[in-house]
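Here's the structure, in structure tokens; my notes come after.
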Amino acid sequence: MSPSDSNSPVHSDYDEKVNILTEHVSAASREKPDPTEGNEPPPLIAIMIAGFALIVGAGYLGGTNGGLSNDSFTFVEGYDVPPVPGGGVIEEQKPPGEIWLAEGKKQYSAICAACHQGNGQGQTGVYPPLANSEWVTGGTEQLAMIILNGIQGPITVDGQSYNSLMTPWKDALNDKQMAQVMSYIRMSWGNAEQVAENSGMVTAEMVAHARATHDIPGMKVSHLEGFDKDLPGAKVDPITMEPIGGGAAEGGATDEEPAGEE
Amino acid sequence: MANPTNNQTAATDDALQRAAIDRSLRVPVIFFFTSGLAWLFVSLVLGLLASIQLHSPDLLGACPLMSYGRLQPAHMNAFIYGWAFQVGFGAALWMMARLCRITLPRVASLVVAGHLWNLGVTIGVAGVLLGEGTSIQFLDFPKGVWILMLAAYCVIAGYIVMMFKARREEHVYISQWYLLAACFWFPWSYFTANLLIHHFPSAAVINAAIGSWYAGTLMILWIVPIALGTTYYLIPKLVGRPVASYQLAFASFWSLAMLGGWVGLQHYMGGPLPAWMPSVSGAAMIFLVVPMVFIGLNHHNTMKGHHDIIHYSPTARFVCFGAFAFNAFILLGAAFSLFRFGKYFQFTHGELGYYMTGLYGFFSMVMFGAIYYIMPRLMGCEWRSGKWIRFHFWFSAYGTGAMLIALIMAGLFQGRQAMAFDQEFALSVEVSYGFLVGRSLAWCFIILSNLMFLFHVLLMICRLGRRSGEATYIHPRDREHEMKPAQA
């Protein structure tokens, strides 16, 4: 690496006999003297930039110090940016129906998606699809029975026949969660267009009714005969979750929270 | 051009004295450099793991030891207390001895204190990894370790102060101001913060505030003065001219001294603290631009006409890079303190970018420069290869540059997303994915460059450097244009 420029002893390499620990002073001797301070005047630009920084800093201090009082807290106009354009609405103001379905999706992903897949397509020949399934889009009573009790034996779904077994889910989900899952699968993957008008959403009280009336161990398709109808209970609007006409409309005031905390 | 004089005759009394000083400091300074470098390496590996953990959490498995929440603080603390402090000790001891013209007669207790310091760092880092950390930024070490560290620190800093007291050179040079001040500033904030947070805790908010104050002062009152002391020593030394302006140096030192203690709380601007606290800190951060400009101009004027040393001298190149990064560090700090701008970076990767600019781009680069300067004097041999130094420089330079950009961009995206409180918080992590991968890549650069450096240092320590009277340059020196005799 060294530019082996001359034979001068200063630049030449030491031979092996030299003890570099005691005799090597070349680094120290080629050094320039220890530094001192000069006396050039400070350049004008330094003073200008410094002045500018001082003004900005002082303005900042004046604008944000809150009167130097221990009781005043930061408030700066515009510190909270408005929601990103195109983003959703504020979480708290999301329509109740959307929250309901989001909860249903959580349950679905946790339990059902393992077999019926996240997109509800099932797995050909093994797990029937939920998308486009007449069992899902039909009456809520038979759907509730299937999920509560599980189902076994031959079943035809969307023109394909399956012969297998699904275990009951009545212990895994409470009424509210079950209602949310049912709402979710009825309202997703194009099923919403196929369900009867206004019966897409399922409420906890509907499920409670089904749970109380249908406890069928080892349920088969034959048990579902005659139950392709909707469970009793007020139908709710898919966005506001407010009860819509008919049904048990008299409980209007309390039905605002159809979620029915269990 | 070179005076073909004999080595012995060229060595004046001065040079002999310098060589004697170097010899007396060999053991402690090499000790601090090597253990610092070992910690640097540990820290870099931890940092890489932490960085990977952020974008590919499945890669390292679910072991709690490998969680980001432990790796990242372990990495930062190892970096600061393991590497930055120790290399700082080494450089400060050496410069102080040189400037005071003191040969250290006994160094035993210095080395013992160094071992204690290392013990403290080891316990601390292990504690953090085992989940015993305190989760207060830069004070993550388990409670109690600080007492050991502070004790060791006092002995080491005590040596520096004693050297100053016993100085044989009347003139007190700028570097000495900084080094001496740092010796006193750091224990002040370290002691206060630890005592108040660990032993007399008050409301959690106040603890958080003290923590942020400490993190700020650590940077401005230890990292900055140590590195500045080094630049003030090395730059004029290398060009062989006095520092351009005493007044500028004086003004910048005292403005730093007056502002340094106020910084840190801008970290919680908009938070549940009385408005004046972050406001005062933020203003201090902005005022720091004043010393920054003074120092930058001073160095620039000192080097006037000698900028070519950056081309061939390893020390000059690293130190000048560091001096540049100092500007970036201070400007980022000022910018992040402005509500309008800083709100997007608050609590994001951007803040890490700020710290890494200061710790690596500025401090570490200056220290590398110092090691390149000091090591041959202590070991009596020259660096093996200019090519290796070049490698170290470029990989480090690109590494820090890339890391700063990656972290700032990641921070910007993350911050914007985090402020959109109508959207899921997790999104704010996802949007910065690409930049986090970039950060890991930048780490790889830095690790690579330091592997080279470590190997180079190891050779030096084993006295396997070049046995030569000529310094090792990055590029061959163009002697045609030199005005002064080579041995000046």
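Odds and ends about this structure:
- Any chance A:Ala259 is at pLDDT below 80, of a type in the set (A, V, I, L, M, F, W, C) and open to solvent by less than 40 Å² (accessible area, probe 1.4 Å): yes
- Count of region B:260-279 residues which are at pLDDT 90 or above and either among the β-branched types (Val, Ile, Thr) or touching a strand residue (DSSP E or B) at 6+ places or on another chain (Cβ under 7 Å) (or both): 1
- Any hit, region B:460-469, residues being in a helix (DSSP H, G or I), within 14 Å of chain A (Cβ to nearest Cβ), in contact (Cβ under 8 Å) with a residue 60 or more places away in the chain and farther than 30 Å from B:His267 by Cα: yes
- Restricting region B:268-320 to residues that are over 16 Å from B:Pro225 (Cα atoms) and of a type in the set (Phe, Trp, Tyr) leaves a set whose member that is farthest from the chain's Cα centre (by Cα) is B:Trp276.
- Residue under evaluation B:Tyr344, criteria (1) in a loop (DSSP other than H, G, I, E, B); (2) at pLDDT 90 or above, criterion not met: (2)
- Qualifying residue in region B:339-351 (condition: within 30 Å of B:Lys387 (Cα to Cα) and surrounded by fewer than 23 Cβ atoms within 10 Å (Cβ to Cβ)): no
- Per-region count, region B:162-182, residues hydrophobic (A, V, I, L, M, F, W, C) and open to solvent by 10 Å² or more (accessible area, probe 1.4 Å): 7
- Residue within region B:234-252 that is of a type outside the set (A, V, I, L, M, F, W, C), more than 11 Å from chain A (Cβ to nearest Cβ) and either closer than 20 Å to B:Ser175 by Cβ or crowded, with 24+ Cβ neighbours inside 10 Å (or both) present: no
- Qualifying positions in region A:42-70 - open to solvent by 90 Å² or more (accessible area, probe 1.4 Å) and at the interface with chain B (Cβ under 7 Å from one of its Cβ atoms): A:Leu68, A:Asn70
- When region B:50-102 is filtered for residues that are among the basic types (Lys, Arg) and open to solvent by 40 Å² or more (accessible area, probe 1.4 Å), the ones remaining, listed by number, are B:Arg70, B:Arg101.
- Selection over region A:188-204 of residues that are surrounded by 20 or more Cβ atoms within 10 Å (Cβ to Cβ) and touching a Pro at 6+ places or on another chain (Cβ under 9 Å) gives a count of 4.
- Only one of B:Arg26, B:Arg70, B:Arg18 that is of a type in the set (Lys, Arg), farther than 30 Å from A:Ala27 by Cα and in a helix (DSSP H, G or I): B:Arg70
- Per-region count, region B:377-391, residues modelled with pLDDT of 90 or more and crowded, with 24+ Cβ neighbours inside 10 Å: 2
- Hey, B:Met258 touching a helix residue (DSSP H, G or I) at 6+ places or on another chain (Cβ under 9 Å), facing chain A (nearest Cβ under 9 Å) and not in a loop (DSSP other than H, G, I, E, B) or not: no
The values are calculated or read from the model by the stated rules, or taken from the named source; none is laboratory data. Note that the coordinates shown come from a computational prediction; the quantities given were computed from them, not determined experimentally. As a convention, Cβ positions derive from the backbone with ideal geometry for all residues, glycine included, and neighbour counts pool all protein chains shown. Side chains included, ligands, DNA and RNA excluded: accessible areas come from the protein's heavy atoms. Shrake-Rupley method; radii C 1.70, N 1.55, O 1.52, S 1.80 Å.
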